[in-house]
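All remarks here apply to the structure that follows.
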Amino acid sequence: MQAGTGAPALRGPFGEFVLNARPNLALQHPLARYAVWIVFYSLIFTGLCGLTFAQTRQTSLGLTVTDEQGKPLAAASIDLLVGKKIILTLTTDNAGKATALVSEGTYNVVISKKGYLATETLLVLPPGTPKQELEVVISHVALSEQQVDVQGTAENPVTETAPVEKTIQAVEAKETPNKPATVTDVLPLVPGVVRGKDGGIHIGGMDESHSTLLVNSVDVTDPATGGFGLTIPIDTVETIGVSESPYLAQYGRFTAGVVTAETRRGGEKWDFSLNDPLPEFRIRSWDMQGVKNATPRVNFSGPLIKDKLYIVEGAEYTFVKSQVYTLPYPDNQTKMQSFNTFTQFDYIVSPTQTIMASFHIAPHTFDNEGLNYFNPIPLTPNASYHPYTATIADRLAIGGGVLQSVISGMRVNSSVTPKGPEDMVLTPSVNEGNYYSTQGRRSNRIEWIENYTSKSYHLPGGDHTLAGGITVSRAQDVGHFNAQPVNIEDGSGNLLERITYSGAKNYGINDTFPSAYVQDHWVMSSHFATDLGVRLEGQSVTHTVRFAPRAGFTWSPDTQQHTVIRGGVGVFYDSVPLNVYAFGSYPQQTVTTYAAGCDPNNVAECTIASGPTTYVNVTQAVADKGFLFIDRSQHSGNFAPYSIAWHLEFERRINPLIVFRVKYLQSMANNLITLEQSYFQNQNALVLSSAGDAHTRQAEFITEIGRNEKRRFYFSYVRQHAHGWISDANGYLSDFPYPVVRSNFKSSLPNEIPNRFLLWGLYSLPWRMRMLPKVEYRNGFPWQPTDVSQDYVTGLTGPQSRFPKYFTVDVRVSKDFTVLKKHSIRLSGTVNNLTNHTNYLEAHTNIADPQYGTYFGTNSRKFMIDFDWLF
């Protein structure tokens, strides 16, 4: 699809958009029918907002304050704050109790008494809560190192309307042995999430393009590729959550999972930290070879205007030379440089309204991308990325509910450049020449979001909390893809096949993605609640409108709510990346095969076995509607990848320190986008279609031990089955495409992990010391054999080929030293792969390779010392 040449254009800070001046009112077009639906939902949504202006109901709040021995504390002061403003002050009686009538909402509760540590905790009063009891235990000053234990009924799993996420606190994760610097670095700590051999994040065996990443409710995935890119610094994040197929209708644009990151707000006091200020030098044979790594991070936060305006800033410079252990030094170095900064301002307009503005800038470059034993330095390309994101969000408490209005814009400029003009040469063992592809693109997205969550309405049959929202985004992808010839040779250096390219064109893709949803959280009793919702969305470039019903339930059978059973089912749709529609402008392949014994240096004397055959690029149309909830126009590229997924979860709090969860998830994905060689309409073609499918079954067993963030461990076991068509079109449409379009067949997905055990956590030791272990044991990644022509070998019998089992024990130990009254140095020592277990990095997977089936390369035991400066 090409941008219109006669249409007017708007140019703004996030790119140029082409406007179509010709109105189309025909209701036969899916987007016109979508407009009718969106008006209908808008009327419902407006009506719901109008209803919420009714009087807010009051909650009877009872508070009990005791000391660490359980004795009631009289004359303790209790302040209830909204934001940082005190709205109510209470004093406990001789029984340590205080009561008040308060409105539904979220409060900070600050409890203080002379001789005791002031304690602050968060209190959430869900809509429709007639009475709330909260018990707070505070410690004497002399016992300042003890845990502050807050117990109460504020967290009722039945009244919760948020999805059940696997949540990680950033303050816990950022000190783990791998020292995560960004949000995506943290994700492999989540059960069911792994970093694949390709370096990407994979949820439920599916790659990033099938999931969505939300930062403060805003989609920040690259509209061109669907990738996460370089995400925001971990120091600016409060919590990170991962939900596999969440059943709430507010979530869209995924078939695998949703990753959410909520950033933190600056506090009343200024905080400053400097992490890893000194570089790491490479020393070989007692000779310094220069800087190996430099990753200084600066973070600060605090009030710019007391009680009004706050700032959070996280900035990191990264210079990393990674060593590839399957190649000899010094020809084994990759280099990554980046500057990653996230700035957030929070302005408290009033106790009922806040405004947030954030800016994320993360330019980064890669040298020798994809370097390994099979692809030496001359064959690897260099890449450059320049992403920018800006967001403004307004949250207003109105009519007992919350209205959220968001406007965001993002832009990604990228380029991929080979080392030189030589032909790329593929062999069964080591490849030669230069990388074949040169790419440059500019993608951008502007998005407007309106969400409203009402107060709770008490109706016959239970309490209802209604929510609805509308999102409209406009995206664009502009760029080019050029290619040099590729030669395929056998192990003796004879030319088997030559691929040349012609007819490349610049492309410009425009897309509009509107969506709307409504959902109802229905609390039938104090033990049972349901979530019912529906989502309607369209994507103009796909010529489809999609309807997604969702449903879930929460059941807590015991009176103390120590046992919770949850379940959900729904229909989910991918947002098709725009690079799929750039395929028609890619250069066409012309393939020539040669008879045996062809000398690549004297091709003119070779005998041609077949060809030259030119394969035109074809984007196919789905012939019929196929799925009940998809409305398609008969147009090429009318793709709508979808999944039907359900899950069931059991949670049991065994005692105050241990929580155990069991979850089973099943997902059936269909209409996944594939690319194959085919004979189409009397011509040879590379056909882009939606013929793929995948089936995932996953069981999770998770145990959380400890309630204090200073002494807490997480143990998980995940059993996974992920099979499907493996010729994902992303292998040819990504930033680093592989030139050979391989055969398609069903097998284990490239990042399926049948069994994975993971243990990590933090334990505080005496003398201001901490120990942070991480233990992982799992199956190796699967791989597919290839033949001398670099195509997949099909029809093999026997078990799936896999790397040997992976096992690592990583430990980080740190100690804080006071330097000045308000300053400390944290000295840390880390050991990676403590047991020195052999975890193979590469495998010879070509059956024509004399070493076929051999594994090699490993990261041996590694020691590292670093320090942070804490202010």
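Only one of the numbered conditions (1) out of contact with any His (no Cβ under 8 Å at 6 or more places or on another chain); (2) without any contact (Cβ under 8 Å) to a residue 40 or more places away in the chain; (3) closer than 22 Å to Ser716 by Cα is not met by Lys862, and that is (3). Looking only at residues in segment 742-772 that are in contact (Cβ under 8 Å) with a residue 60 or more places away in the chain and open to solvent by 20 Å² or more (accessible area, probe 1.4 Å), the one that is nearest to Gln800 (Cα to Cα) is Pro750. Looking at segment 302-320, which of the residues that are more than 25 Å from the chain's Cα centre (by Cα) and not hydrophobic (A, V, I, L, M, F, W, C) is surrounded by the most Cβ atoms within 10 Å (Cβ to Cβ)? That would be Tyr310. Applying the condition of being β-branched (Val, Ile, Thr) and closer than 17 Å to Leu274 by Cβ to segment 811-843 and asking which residue is least open to solvent (accessible area, probe 1.4 Å) yields Ile825.
Evaluate the following for Ala699: is it without any contact (Cβ under 8 Å) to a residue 40 or more places away in the chain, in a strand (DSSP E or B) and out of contact with any helix residue (DSSP H, G or I) (no Cβ under 8 Å at 6 or more places or on another chain)? Against the criterion (without any contact (Cβ under 8 Å) to a residue 40 or more places away in the chain, in a strand (DSSP E or B) and out of contact with any helix residue (DSSP H, G or I) (no Cβ under 8 Å at 6 or more places or on another chain)), Ala699 qualifies.
Considering only segment 453-463, I want to know if a residue exists there that is open to solvent by 20 Å² or more (accessible area, probe 1.4 Å), within 30 Å of Glu842 (Cα to Cα) and part of a strand (DSSP E or B).
no
Selection of segment 434-452 for residues being touching a Leu at 6+ places or on another chain (Cβ under 7 Å) and part of a strand (DSSP E or B) yields Ser443, Tyr452.
Would you confirm, using the coordinates I've provided, whether Asn332 is without any contact (Cβ under 8 Å) to a residue 40 or more places away in the chain and open to solvent by less than 50 Å² (accessible area, probe 1.4 Å)? Outline the logic, then answer.
Details: without any contact (Cβ under 8 Å) to a residue 40 or more places away in the chain: yes; open to solvent by less than 50 Å² (accessible area, probe 1.4 Å): yes.
Here the answer is yes, as Asn332 does meet what is asked.
Mind checking which residues of segment 854-869 are in a strand (DSSP E or B), among the β-branched types (Val, Ile, Thr) and exposed (fewer than 15 other Cβ atoms within 10 Å of the Cβ)? Hit for segment 854-869 is Ile865, nothing else.
Looking only at residues of segment 652-702 that are among the aromatic types (Phe, Trp, Tyr) and open to solvent by 60 Å² or more (accessible area, probe 1.4 Å), we find that the one that is nearest to Phe572 (Cα to Cα) is Tyr664. Taking the numbered list (1) surrounded by 17 or more Cβ atoms within 10 Å (Cβ to Cβ); (2) over 25 Å from Thr221 (Cβ atoms) in turn, Val349 passes all entries but (1).
Among (1) open to solvent by 10 Å² or more (accessible area, probe 1.4 Å); (2) farther than 30 Å from Ala529 by Cα; (3) in contact (Cβ under 8 Å) with a residue 12 or more places away in the chain, there is one condition Leu214 misses while meeting the rest; what is its number? Exception for Leu214: condition (2). Looking only at residues of segment 383-396 that are open to solvent by 50 Å² or more (accessible area, probe 1.4 Å) and more than 20 Å from the chain's Cα centre (by Cα), we find that the one that is nearest to Gly229 (Cα to Cα) is Ile392. May I ask you to say which residue of Val242, Val291, Val220, Val298 is open to solvent by less than 10 Å² (accessible area, probe 1.4 Å) and β-branched (Val, Ile, Thr)? Every option except Val242 fails the conditions. The one condition from (1) buried (at least 20 other Cβ atoms within 10 Å of the Cβ); (2) not in a strand (DSSP E or B) that Tyr373 does not meet is (1). Note on segment 494-518: residues that are touching a Pro at 6+ places or on another chain (Cβ under 7 Å) and not hydrophobic (A, V, I, L, M, F, W, C) amount to 5. Can you name the residue in segment 403-418 that is without any contact (Cβ under 8 Å) to a residue 60 or more places away in the chain and in contact with a Gly (Cβ under 9 Å, 6 or more places away or on another chain) and, of all such residues, is most open to solvent (accessible area, probe 1.4 Å)? Restricting to residues being without any contact (Cβ under 8 Å) to a residue 60 or more places away in the chain and in contact with a Gly (Cβ under 9 Å, 6 or more places away or on another chain), the top hit is Thr417.
The combined condition, being open to solvent by less than 10 Å² (accessible area, probe 1.4 Å) and more than 30 Å from Glu605 (Cβ to Cβ), is not fulfilled by Val534.
Can you name the residue in segment 245-266 that is closer than 26 Å to Glu316 by Cβ and open to solvent by 10 Å² or more (accessible area, probe 1.4 Å) and, of all such residues, is nearest to the chain's Cα centre (by Cα)? The residue in question is Thr260.
Contact map, segment 836-853: first residue free of Cβ contacts under 8 Å to residues at least 40 places away in the same chain and outside any strand (DSSP E or B), second residue among the polar types (S, T, N, Q) and open to solvent by 50 Å² or more (accessible area, probe 1.4 Å), Cβ cut-off under 8 Å, separation 6 or more or different chains; pairs are Asn836/Ser860; Asn839/Asn859.
Would you confirm whether any residue within segment 792-809 is surrounded by fewer than 17 Cβ atoms within 10 Å (Cβ to Cβ) and in a strand (DSSP E or B)? Yes, that holds for at least one residue. Would you confirm whether any residue within segment 814-832 is outside any strand (DSSP E or B) and over 30 Å from Asp271 (Cα atoms)? Within segment 814-832, none of the residues are outside any strand (DSSP E or B) and over 30 Å from Asp271 (Cα atoms). Among the residues of segment 482-501, those identified as open to solvent by 30 Å² or more (accessible area, probe 1.4 Å), within 14 Å of Thr592 (Cα to Cα), in contact with a Ser or Thr (Cβ under 7 Å, 6 or more places away or on another chain) and in a strand (DSSP E or B) are Leu496, Glu497, Arg498, Thr500. Among the residues that make up segment 263-275, is at least one of them within 22 Å of Leu214 (Cα to Cα) and basic (Lys, Arg)? Yes, segment 263-275 has at least one match. Taking strands (runs of 3 or more DSSP E) as the structural unit, those lying wholly within segment 543-651 and holding at least 2 residues that are touching a residue at least 24 places away in the same chain (Cβ under 8 Å) and open to solvent by less than 10 Å² (accessible area, probe 1.4 Å) correspond to 544-555, 563-573.
When residues of segment 349-370 are filtered for being under 30 Å from Lys455 (Cβ atoms), in a strand (DSSP E or B) and touching a strand residue (DSSP E or B) at 6+ places or on another chain (Cβ under 7 Å), how many remain?
First pass over segment 349-370, keeping only residues under 30 Å from Lys455 (Cβ atoms): 349-358.
Checking which are in a strand (DSSP E or B) leaves us with 349-350, 353-358.
Okay, now just the ones that are also touching a strand residue (DSSP E or B) at 6+ places or on another chain (Cβ under 7 Å), so 349, 353-358.
Result for segment 349-370: 7.
The residues of segment 187-210 include none that are in a loop (DSSP other than H, G, I, E, B), of a type in the set (Val, Ile, Thr) and open to solvent by 10 Å² or more (accessible area, probe 1.4 Å).
Of the residues in segment 325-342, not one is over 21 Å from Arg265 (Cβ atoms), of a type in the set (Asp, Glu) and at pLDDT 95 or above.
Restricting segment 165-186 to residues that are buried (at least 19 other Cβ atoms within 10 Å of the Cβ) and farther than 19 Å from Leu758 by Cβ, the residue that is modelled with the highest pLDDT is Thr182.
The values are calculated or read from the model by the stated rules, or taken from the named source; none is laboratory data. Every value quoted in this text rests on a predicted model; they were computed, and no experiment measured them. A quick note on method: Cβ atoms are made from the backbone with ideal geometry, for glycine too, and the neighbour counts reach across all protein chains shown. Note: accessible area is taken over every heavy atom of the protein model, side chains too, but ligands, DNA and RNA are not part of it. Shrake-Rupley method; radii C 1.70, N 1.55, O 1.52, S 1.80 Å.
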